[in-house]
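In what follows, a single structure is set out as C-alpha cells and then discussed.
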Amino acid sequence: MIINRDTMNPVKIFSLLLFSLLVLNSCNDDEYTWTDIPNNEISPITSHNKVIYEVNVYSYSSGHNFKGLENDLSRLKELGVDVLWLMPIHPRGEENRAGTLGSPYSVKDYKGINPDFGTTEDFKSLVKAAHTMNMEIWLDWVANHTAWDNVWVADHLDYYAEKDGERPYSPGGWLDVIQLDHSNVEMRTAMADAMKYWLTEFDIDGFRFDAADFVPVDFWRELRKEVDKVKKVTWLAEGSGSANMEVFDYDYAWDFATALKDFGTDNDVPALIAECKKLFNDAVYKNKGRMVYITNHDLNAYEGTEFDRYGNNVLPLAVLSFTIYDMPLIYNGQEIGMNKSMNFAEPSMVEWDPTNKVYVNLYQKLTRLKRTQPALEDGTNRGALKIYSTNDENLFAYSRMRGDNEVLVLLNFAQVPKRLRFTQDVPAGKFKDYLNGGDKEFSITDGISLHENGYAIFVK
C-alpha cells in the first residue's frame, strides 16, 4: 500500500477540505486561476488517487544527474506528481553494450549507482527532498536478466540459465543482456538482498519491475514475501497477466495501450469505446490497479512520439488517460508537449524549451482532477463507468461516478467542430464546467459545442 505522508498534517488536511468546498473558477489555455490553493498544496485524497511520472535521469537534466532532478522537484510537485519512477539508476553493462551509453536495463551491479548520475549521498539527498515534498521514489528493477559483465557472473555463473548447452545466453534477441535462472535458490536470495538494500539504505517507496511477465510467478511470490519483511512498498509490473496480480499492486494496461495505437491509425471511435468497456470490466483487476498511458520510454524510443501515433488527438487522449481508468502516467517531457523521440541508449536530451503552455496547463488541471475526485480512484474503490449515447460516432461521452461525485468527460475525435447531444440517457443534475467555469445542466434537446479534437470536463 502507498503511504500518504500527509495523513497527520493538519495544514494539509485543512487545505484539502477547503478545496473540496471551493468552486472551480474560470480558466483558459494560457493561464490557470481556478483556485487560490497551489497545485503543490493539494494532496491526493486517497492512496488510490495518485499520478506517476517516469524519469530517465540521464535525459532529464543537462547535468544527467540526481541533482538536476532534485532541483526540479518543486516544478514536478506543482505539476501534480505524486510518484517519481526512475528508470534503472545502476551502472550499465559495457560488454556487448547497445548504443553509445548502453541500455539502463543492462544492469552491471544491483547495489551500485551509475556514476554519471552522482553519488550515494546525492541519491539519498534526492529521496529525502522528494519525501519532504510528500512525493515517492520508485526504482526500476530488472529481475529477468543482467549485463554480461554483471558482478555476479565471475563468482556465480550458476545464477544464470542454460539453453542448448550455452550458459549464459541472451534472451529473446536482447544481445546486451543474459538470462537469469529463476529456479536457483541462491540467486533468489541474492536478488531479495539487493532489493532490501535500497529499502534499508535509501528508504525508497516502490519498484517498477521490467519484463515481469517473463519471470515465473513463484519467483515474484517468494521475492515479495522476503522484501515485505523489511518494508512494504508498492510493486508495479511491466506486463499484464492475471497470475502476477496475486503479487503486484499495479500492472500495465497493456492491451488498452495497443488499442490506443490502433486508434491512432484508424480513428475508429466505436472500437475505442468498446476497448474502454473491456478495460474497465476486467474482473481480474477488481481489487488491483493498472497504469494507463499514451506514451512511455519504450513507445517513445521505438514507435515514435505520441504525436507520431495520435496526430491531433493527443490532447483528448491525454484527458482520456487521466479519467477512464486508474493511475495515469506522464513520461518526462510529455507535459510540455515535446515532440521528440529519445533512444535511452543514446545521449538524447529532453528539450524543455520551448514549453507549450496549452499542454502544461492541461496536465496541471488533469493531475488536480485525478487527485481530488473520489470517482477517479483506482483499484478497490474504483468509480463506476457510464457511457452515454451521442448523436455522432466521432464523439465519446462518459462519466465516472462514486457516491455523490461524478466526473463527466466529453471528447471530440473529429478534425472539425461538433455539437454533442445526448440521444438516450442524459447526465442528471447541475455540473461545474471544470475547464471553463460556470454551471451546466444537460437535456435531451440541448447540446454542447466541442472544438475539433476538443474536450470538456464537468464535475458534480
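Remarks
- Kirkwood hydrodynamic radius over Cα pairs of the range 140-244, then Stokes diffusion coefficient at 25 °C and 0.890 mPa s, in µm²/s: 171
- Neighbours of residue 287 by Cβ distance under 14 Å: Lys/Arg scored +1, Asp/Glu scored -1, total -3.
- Within the chain, DSSP assigns beta bridges of which about 55% are antiparallel (rounded to the nearest 5).
- With the gyration tensor restricted to C-alpha atoms of the range 70-164, the semi-axes of the equivalent ellipsoid amount to 31, 13, 12 Å, longest first.
- DSSP-loop GluC sites (Glu not before Pro) across the range 355-453, with at most 15 other Cβ within 10 angstrom: 393, 441, 452
- C-alpha center-to-center spacing [the range 116-168, the range 394-460] in angstrom: 46
- Ordered from longest to shortest, the equivalent ellipsoid semi-axes for the range 10-382 are 34, 23, 22 Å, each the square root of 5 times a Cα gyration tensor eigenvalue.
- Residue order, fewest to most beta carbons within 10 Å, for 176, 282, 158, 164: 164, 158, 282, 176
- With a Förster radius of 35 Å applied to the C-beta separation of residue 163 and residue 349, the computed FRET efficiency comes to 0.40.
- Relative contact order, whole percent, for the chain stands at 16, derived from Cα pairs under 8 Å and 6 or more residues apart.
- All lysines inside 17 Å of residue 67 as judged from Cα atoms, apart from same-chain residues fewer than 8 positions distant: 77, 124, 128
- Each pair of Cα atoms in the range 388-459 enters the Kirkwood radius, and Stokes-Einstein at 25 °C and 0.890 mPa s then converts it into a translational diffusion coefficient of 199 µm²/s.
- Estimated [θ] at 222 nm from DSSP helical runs (n ≥ 4, -39500 (n - 2.57)) normalised by residues in the chain, nearest 500: -9000 deg cm²/dmol
- Amide H to amide H distances under 5 Å link residue 352 with no residue, where only residues 5 or more positions off or on other chains count and H is placed in the peptide plane.
- Vicinal HN-Hα couplings computed from phi for the range 162-176 (Karplus, 6.51 cos²θ - 1.76 cosθ + 1.60; Hz; Gly/Pro x): 10, 8, 6, x, 10, 9, x, 9, 8, x, x, x, 7, 6, 8
- Along the range 59-68 the Karplus relation, 6.51 cos²θ - 1.76 cosθ + 1.60 evaluated at θ = phi - 60°, assigns HN-Hα couplings of 7, 5, 10, 4, x, 6, 9, 4, 4, x Hz to successive residues, with x for each Gly and Pro.
- Net dipole in debye of the chain [+1 Lys, Arg Cβ; -1 Asp, Glu Cβ; about Cα centre; nearest 20]: 1560
- Cut-off under 5 Å, modelled amide H: who pairs with residue 160 long-range: 181
- Lys/Arg +1, Asp/Glu -1 at C-beta; the chain dipole; positive extreme among 212, 373, 61: 373
- Qualifying lysines (Cα of each under 19 Å from Cα of residue 288; at least 8 residues distant if same chain): 50, 225, 232, 277, 278, 370
Since every read-out is calculated from the coordinates, none of them should be taken as a lab result. This one's a predicted model, so the numbers in the text were calculated from it and none came from an experiment. Because the Cβ atoms are built from the backbone with ideal geometry, glycine has one as well, and the counts that use them run over all protein chains shown.
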